[in-house]
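The values are calculated or read from the model by the stated rules, or taken from the named source; none is laboratory data. Remember, it's a predicted structure, so these values are computed and weren't measured experimentally. Heads up, the Cβs are rebuilt from the backbone with ideal geometry, glycines too, and the neighbour counts pull from every protein chain shown. Side chains are part of the model used for accessible areas, which takes the heavy atoms of the whole protein and leaves out ligands, DNA and RNA. Shrake-Rupley method; radii C 1.70, N 1.55, O 1.52, S 1.80 Å.
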Amino acid sequence: MEIGIVTVFGGAGFIGRHVVQALARAGARVRVVCRRPEEAGACKPLGDVGQIVPIAANIRDPESVAAALAGSDAVVNLVGVLFERGKQSFEAVHHQGAATVARAAVNAGASRLVHLSAIGADVDAPSLYAASKGRGEQAVRNAFPTATLLRPSIVFGPEDSFFNRFASMARLSPALPLIGGGHTRFQPVYVNDVAAAVVRALSDDAATGKTFELGGPAVYSFRRLMEVMLAEIGRDRLLVPWPFWLASIQAGFVETAFKLAAAPIPALVPPPPITSDQVAMLRSDNVVTSGAAGLEALGIAPTALELILPTYLARYRKPGGILRERKSL
């Protein structure tokens with residue numbers, strides 16, 4: 001089907017910019033919705049003149065969401081937070097916000113809705129993040145039964161928050177922590193593959209009402225991901241096992257300090273490096289469920305991690321450095 005006018009919530013973020021570009025290439029007219037529309041300015045050159053339009057709205061404000069969605073043919077909700085800051089709580093964004101977007105999409109007469117969730121989303125999950133994602137999925141299904149749900153594993157690509165964070169740490173620290181011993185398994189998925197999945201979900205009638213779990217072609221332990229990253233940037237660092245209980249305690253202290261510092265103006269304080277809820281998430285593998293529909297079901301061949309990392313981690317390499325055998329404890 002022809003995609004038409006697509007309103008993308010969270011289109012100015014890391015994943016959002018790639019989704020917006022993919023939609024523009026597919027011929028859609030794209031509205032990029034975010035709380036501060038100036039942040040979406042970088043999206044405008046991703047399409048033809050006038051094809052991509054920034055719009056101000058907040059998914060915590062039903063009236064602004066309804067206004068942004070007026071006249072939309074399709075809707076994409078990419079909004080998510082990895083840690084809670086001020087009013088941007090997991091409940092407000094992942095559950096209530098998702099419900100608001102889904103209900104408004106129905107009222108606007110949109111024919112398609114794609115909702116980005118996450119592998120591990122479950123209302124009964126021990127992680128607050130995963131539980132809120134699970135409630136969000138339920139709310140979307142209740143309001144818009146034919147919505148397509150996409151559940152990616154960790155998403156990699158330029159400006160990602162995973163490999164860039166650890167590569168940056170490796171430039172300064174002689175060691176990197178392996179929380180839980182580094183045994184947690186991941187199935188990293190390339191951001192352009194996620195963007196392609198969004199476009200396919202909007203254009204393929206067979207994708208309506210279904211859930212797809214998005215992972216790359218290979219599964220890695222957390223330790224192996226650190227080894228791959230260190231090999232790519234040519235840095236020799238100790239990989240130190242860090243028990244879950246100790247990581248939880250340390251994350252709790254850091255979170256307390258963050259909340260105290262951020263109380264006056266939350267947006268001005270950088271996020272904590274890890275939270276106790278993220279430690280809880282690391283207790284479970286983050287891989288595509290056996291038998292689940294994935295990228296292949298959408299006609300997309302997953303892109304290998306090793307093909308992409310060299311394209312954006314070069315800035316972390318030590319000038320003139322050579323590759324050495326990784327050290328671990």
Return one number: the angle in degrees, 0 to 90 and rounded to the nearest 10, between the long axis of the Cα atoms of helix 222-233 and the longest principal axis of the Cα atoms of the chain. 80 degrees
Take peptides 254-260, 108-114, 6-12 and line them up by average Cβ neighbours within 10 Å, highest first, as a rough protection proxy. 6-12, 108-114, 254-260
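Could you sort the peptides 171-183, 23-35 by per-residue average Cβ neighbour count (10 Å cutoff), highest mean leading? Don't jump to the answer; show the numbers that get you there.
Numbers: 171-183: 16.2, 23-35: 22.2.
Packing order, densest peptide first, comes out as 23-35, 171-183.
What does the highest-first list of 241-247, 159-165 look like by mean Cβ count within 10 Å? Write out the running numbers ahead of the final one.
Numbers: 241-247: 14.7, 159-165: 16.3.
Taking the mean over residues of other Cβ atoms within 10 Å, the ranking is 159-165, 241-247.
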Specify the angular offset, from 0 to 90 degrees and rounded to the nearest 10, of the alpha carbon long axis of helix 14-25 from the longest principal axis of the alpha carbons in the chain. 40 degrees
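If you put +1 on each Lys and Arg Cβ and -1 on each Asp and Glu Cβ, how big is the dipole of the chain around its Cα centre, in Debye rounded to 20?
Working: 33 positive and 27 negative charges, 161 e Å.
It comes to approximately 780 debye.
Per DSSP H run of n ≥ 4, the term is -39500 (n - 2.57); total these for the chain, divide by its residue number, and report the mean residue ellipticity at 222 nm rounded to 500 deg cm²/dmol.
Values: 10 runs with 110 residues, N = 329.
That comes out to -10000 deg cm²/dmol.
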Rounded, prolate or oblate: which one fits the stretch 190-264, using the alpha carbon gyration tensor with axes a ≥ b ≥ c (rounded when a/c is under 1.5, else prolate when a/b beats b/c, else oblate)? oblate
How large, in percent, is the carbon and sulfur part of the accessible surface of the stretch 1-155 at a probe radius of 1.4 Å? 52 percent
How high is the relative contact order of the chain, given as a whole-number percent (alpha carbon pairs under 8 Å, six or more residues apart)? 17 percent
Using a 1.4 angstrom probe, figure out how much accessible area the stretch 1-66 has per residue, in square angstrom, rounded to the nearest whole. 47 Å²
Students often forget the sequence filter, so: which lysines lie under 26 Å Cα-Cα from LYS318 once same-chain residues fewer than 8 apart are removed? LYS327
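With every protein chain kept in place and ligands, DNA and RNA left out, what is the accessible area per residue of the stretch 202-259? Probe 1.4 Å, answer in Å². Could the numbers behind the result be given before it?
On the way: 2540 Å² over 58 residues.
For the stretch 202-259, the per-residue accessible area is 44 Å².
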